[in-house]
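Inspection log for the structure reproduced underneath, given as structure tokens.
The values are calculated or read from the model by the stated rules, or taken from the named source; none is laboratory data. All values reported here derive from a predicted model rather than from experimental measurement. Reconstructed Cβ throughout: ideal geometry from the backbone, glycine too, with neighbour counts over all protein chains shown. We work out accessible area using only protein heavy atoms, side chains counted, and drop any ligands, DNA or RNA first. Shrake-Rupley method; radii C 1.70, N 1.55, O 1.52, S 1.80 Å.
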Amino acid sequence: MKLAHIFLSVALFSPAVETNAQAPDSPSEKQVDAIFAAVTQANAPGLAVLVQKNGRTSFEKGYGVRDLRTNTKIDPPTNFRLASCTKQFTAMAIMLLVHDKKLRYDETLVEIFPDFPAYGRTITIRNLLNHTGGLPDYEDLMAAAETSRNAKIWTPERQIHDQEVLRMLEAENKGKFPPGTSWSYSNSGYVVLGLVVAKASGQSYGDFLRARIFAPLRLDHTIVYQKGKDEVANRAFGHSRAVFDHRPETPLFQETDQSPTSATLGDGGIYSSLEDLAKWDDALRNHALLGAEEMKPALLPPRLANGQPTVWPVETNDDNLHPGKAVSYGFGWFLDPYRGHPRMWHTGTTMGFRTLIERFTADHLTIIILSNRADLDPETLAGETADLYLHLKPKE
């Protein structure tokens with residue numbers, strides 16, 4: 001669920017559904033392919049890439065393999081763990097419940113969870129959506145608990161779950177800062193939002209998303225994964241470079257698919273594929289779930305209580321991409337422009353996976369990168385791809 005920067009890999013997908021002959025302003029398939037072929041190997045974990053331009057597929061290709069046991073090639077139906085790209089789906093679920101009048105953006109944690117301590121009386125749903133709530137970081141709380149016991153509590157086999165996160169937050173007596181006074185990327189906030197979805201809808205988080213998002217949009221293989229309950233079709237497994245590997249030109253990999261935090265849902269629990277994410281992009285473009293007016297709150301960056309814009313925290317950590325710099329975040333989407341071009345985007349980083357979805361709405365361009373290896377940087381690769389489509393000179 002960590003944010004972080006991202007990279008990718010190489011093999012074979014079917015070529016573009018809509019050819020470049022149909023989109024003369026687009027770069028050639030060879031130009032785009034060269035970006036990803038340069039950082040991947042055919043028989044190593046890799047990545048899947050989709051570029052949509054003007055609502056049509058301009059480039060779609062897979063690089064590498066889903067896992068090193070079967071060496072099955074990555075293709076458009078391959079399902080990757082989305083990590084923090086899950087947050088846009090959680091935010092949409094909340095917005096649908098607001099549409100249903102089962103929630104309000106100004107509703108507080110204590111109104112929804114009466115046992116939540118006093119510091120939750122002023123933390124609203126809106127604060128959680130845009131990361132101004134100040135909830136303690138549940139991974140920090142996990143580390144503190146293990147330090148106090150001088151023992152491992154959570155492992156890839158014994159993972160922390162959403163209700164445990166809620167109980168840990170309820171055991172605290174204050175947040176990181178008063179809500180609305182600062183900004184800090186919060187996985188805790190989106191775990192809680194997943195629980196809010198369940199509480200307000202009367203369904204599990206997974207069942208609500210299946211009924212209100214996945215099924216209506218025909219995202220037939222997108223799933224809120226729960227180990228022991230669900231199976232992921234066409235599953236890619238996460239990988240990291242082997243610690244003993246000293247050959248950057250021919251890296252060795254080991255499967256690193258699950259961590260102690262891989263079972264939480266609202267902050268990073270969804271698996272999806274290029275095929276389904278293309279439909280998701282179409283649905284956002286065509287306002288298939290919510291009208292343009294109802295989507296507006298998701299695309300408005302917050303301002304702090306003192307009227308100042310939001311900035312990344314100064315201290316460096318895995319969730320702090322640009323310490324001290326300005327940041328713009330709506331509901332489940334970063335809103336910072338790229339080289340003067342408006343965009344809504346999100347990265348995802350978790351054990352063995354790196355993901356990215358970038359939507360340049362004014363340019364009618366979407367770039368999606370899903371990687372099942374931890375050593376790639378999708379944000380850099382997407383930037384190089386965007387430069388081609390937006391006719392920008394490469395960065396020096």
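Mind checking which pairs have a first residue in the stretch 205-217 that is on the phi < 0 side of the Ramachandran plot and a second that is hydroxyl-bearing (Ser, Thr, Tyr) and crowded, with 20+ Cβ neighbours inside 10 Å, Cβ under 6 Å, 6 or more apart or different chains?
Once the first residue is on the phi < 0 side of the Ramachandran plot and sits in the stretch 205-217, its partners that are hydroxyl-bearing (Ser, Thr, Tyr) and crowded, with 20+ Cβ neighbours inside 10 Å give PHE208/SER201; PHE214/THR222.
Hey, any hits in the stretch 199-211 for a residue that's outside any loop (DSSP other than H, G, I, E, B), open to solvent by 60 Å² or more (accessible area, probe 1.4 Å) and farther than 30 Å from ILE153 by Cα?
yes
Note down all Cβ pairs under 8 Å where the first residue falls in the stretch 378-396 and is under 12 Å from PRO27 (Cα atoms), the second is crowded, with 17+ Cβ neighbours inside 10 Å and basic (Lys, Arg), and they're at least six residues apart or on different chains.
TYR389/LYS53
Pairs only if they're at least six apart or on different chains, beta carbon under 8 angstrom, first in the stretch 237-261 and hydroxyl-bearing (Ser, Thr, Tyr), second modelled with pLDDT under 90 and buried (at least 17 other Cβ atoms within 10 Å of the Cβ); list them, first residue then second.
If the second residue must be modelled with pLDDT under 90 and buried (at least 17 other Cβ atoms within 10 Å of the Cβ), the pairs left are THR261/MET1.
Go through the stretch 53-78 and give me each residue that's touching a helix residue (DSSP H, G or I) at 6+ places or on another chain (Cβ under 9 Å) and either open to solvent by less than 10 Å² (accessible area, probe 1.4 Å) or without any contact (Cβ under 8 Å) to a residue 24 or more places away in the chain (or both). Spell out how you get there, then give the answer.
First, the residues of the stretch 53-78 that are touching a helix residue (DSSP H, G or I) at 6+ places or on another chain (Cβ under 9 Å): 53, 55-63, 75-78.
Matches in the stretch 53-78: SER58, PHE59, GLY62, TYR63, THR78.
In this structure, is GLY324 on the phi > 0 side of the Ramachandran plot, assigned to a loop (DSSP other than H, G, I, E, B) and more than 16 Å from the chain's Cα centre (by Cα)? Break it down stepwise before answering.
Numbers: on the phi > 0 side of the Ramachandran plot: yes; assigned to a loop (DSSP other than H, G, I, E, B): yes; more than 16 Å from the chain's Cα centre (by Cα): yes.
Yes, satisfied.
Could you run through the stretch 127-150 and say how many residues are without any contact (Cβ under 8 Å) to a residue 60 or more places away in the chain and in contact with a Phe, Trp or Tyr (Cβ under 8 Å, 6 or more places away or on another chain)?
The total comes to 2.
Given the condition touching a helix residue (DSSP H, G or I) at 6+ places or on another chain (Cβ under 7 Å), hydrophobic (A, V, I, L, M, F, W, C), over 19 Å from GLY134 (Cβ atoms) and open to solvent by less than 10 Å² (accessible area, probe 1.4 Å), answer yes or no: does some residue in the stretch 168-187 qualify?
Checking the stretch 168-187: not a single residue is touching a helix residue (DSSP H, G or I) at 6+ places or on another chain (Cβ under 7 Å), hydrophobic (A, V, I, L, M, F, W, C), over 19 Å from GLY134 (Cβ atoms) and open to solvent by less than 10 Å² (accessible area, probe 1.4 Å).
Is there a residue in the stretch 372-393 that is at pLDDT 95 or above, within 30 Å of PRO156 (Cα to Cα), among the basic types (Lys, Arg) and open to solvent by 10 Å² or more (accessible area, probe 1.4 Å)?
So far as the stretch 372-393 goes, no, none of its residues is at pLDDT 95 or above, within 30 Å of PRO156 (Cα to Cα), among the basic types (Lys, Arg) and open to solvent by 10 Å² or more (accessible area, probe 1.4 Å).
Hey, among the residues in the stretch 29-47 that are in contact (Cβ under 8 Å) with a residue 40 or more places away in the chain and over 18 Å from PHE253 (Cβ atoms), which one's surrounded by the most Cβ atoms within 10 Å (Cβ to Cβ)?
VAL32
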